[in-house]
Amino acid sequence: MVRRTDVAACHRHRAERGFVLVAVLWIIAALAALATIFSAFLANSARAIAVNDNALQAEALVSAAVELTAYKLASSGESPPAHGAFHARLNGAEMSISFTSETARIDLNNAPKELLSGLMTVLGAPPENAKDYADRIVGWRTRAAPGSAAGGEDALYRAAGRSYGPRQAPFAHINELALVLGLPPALVERALPFVTVFSGSAGVDVINAKPEVIAALPGMTPLILKQFLADRDNLGNDPQAIARALGEAKASASQDKCDVYRILIRLQKDNWQTASEVVIGLKSAGNPYRVLAWRDGIGTIGGREL
C-alpha cells in the first residue's frame, strides 16, 4: 500500500525537476541571445574598424599629396604655375591631384559690389535682388564709420530678429556667407565653389577661373563670354591679348600673383574612394607652406560618408 507521504514526495520531486528543466531552457535561450548579440557586435566592430582604418589611411594619403603639391610649387622658382595636375601612386593607392591659385575665385573680402552682384545674377538671382545681396555682403565686411548710429547695417539685422549683427570685419571663412542677412541658403550653396577669402585680390584670374566667375564680370556679355572661353587657352598670360578678348569686362581681370592654392585630391584604393580639398599658403613664416583650410569627404569611403 502506497502511503500518501510517498505520493506527495513524488509529486514534489517531479515539480522540482520540471522547474529545473524550465530554468535550464531559459538559461540556454539567454545564452543563445547573448551569443547572437555578441556576434552582431563583433561584425559591427569589424566594419567600424575597417572604415576607421580606411579613414586614417585616407588622411595620411591626403597629407602626402599636399606635401607633394607644395614641393612641386616651391621647386618651380619665383613664378609657380597658377594651375596644374599630376598623378601619383603611394601605398597601393592611386592619387589624382590638381591645384589652382585662389585668384581664380572671387574674394568675398575684396571684390567690388558689381562683381558680387554679377555672381549672384549668374547663379540665378533676379538682378534687383542680386544688388541687394551684394550690398549685404559688403555691409557684412565693412566696419561702421565712427559716429554712425551703429550703422544702418546692424539695425537691419536687429529688425530681422537676428541674434547677431554683421561682422563689420573681413569674412573669416566662405561658410560665413550663410550668415549674411537675406541671402537664400540655396544661393549660398551655389556660390561657395566660386568664392574665397584667401586671394586678397579685387579681380580674378580669368585664364584659370570657372566660366561662372568670368560670366559674373561687370560688362561681360554672353557673346563675349562664349568667344573668350573658346580662345583663352591660346591667350597665355599676355595682358593686352586678355584685355582685347574681354572687352568692357577687362577691368575685373587680375594679374595679381597669389601664394595661396586650392588642392583637390582624389584617392582610390581597393574597394573605396574619396576626395579632399585643401587650401595652402606657400612661404609662410619660414615654413614651406601652411594649411589654411581642409575639407574631407567630398565623396565616400567604402560606401560611407567621411
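Here are some notes:
- Protection-proxy order for peptides 132-144, 164-176, 103-115, each taking the mean of Cβ atoms within 10 Å per residue, highest first: 103-115, 132-144, 164-176
- Measure of compaction for the stretch 107-157 (Cα Rg per 2.2 N^0.38 Å): 1.22
- Only beta bridges with both residues in the stretch 125-279 are counted; by DSSP, about 90 percent of them are antiparallel.
- Cα convex hull, the stretch 156-306: 195 Å³ per residue, rounded to a whole number.
- Rg/Rh, computed from the Cα trace of the stretch 207-294 with Rh as the Kirkwood radius, has the value 1.11.
- For the stretch 216-227, backbone phi angles converted through the Karplus equation (6.51, -1.76, 1.60; θ = phi - 60°) give residue-by-residue couplings of 7, 4, x, x, 6, 10, x, 5, 5, 4, 4, 5 Hz, Gly and Pro being listed as x.
- Across the stretch 86-95, coupling constants 3J(HN,Hα) worked out from phi with the 6.51/-1.76/1.60 Karplus curve, θ = phi - 60°, read 7, 10, 8, 10, 8, 6, x, 9, 8, 10 Hz, and Gly and Pro carry x.
- Sorted peptide list for 194-207, 236-249, 117-130, criterion being average Cβ within 10 angstrom, highest first: 194-207, 117-130, 236-249
- Local electrostatic count, residue 263, Cβ distance below 12 Å [Lys/Arg +1, Asp/Glu -1]: +1
- Charge sum, other residues only, whose C-beta stays under 14 Å from residue 153's C-beta, Lys/Arg counted +1 and Asp/Glu -1: +4
- Residue 164-residue 91 FRET efficiency (beta carbon distance; Förster radius 35 Å; 0.05 resolution): 0.20
- The largest-to-smallest principal axis extents of the Cα set in the stretch 93-224 are 53, 41, 27 Å.
Since every read-out is calculated from the coordinates, none of them should be taken as a lab result. Just so it is clear, the structure is predicted and the values come from calculations on it, not from any experiment. Glycine also receives a Cβ, built like all others from the backbone with ideal geometry; neighbour counts cover every protein chain displayed.
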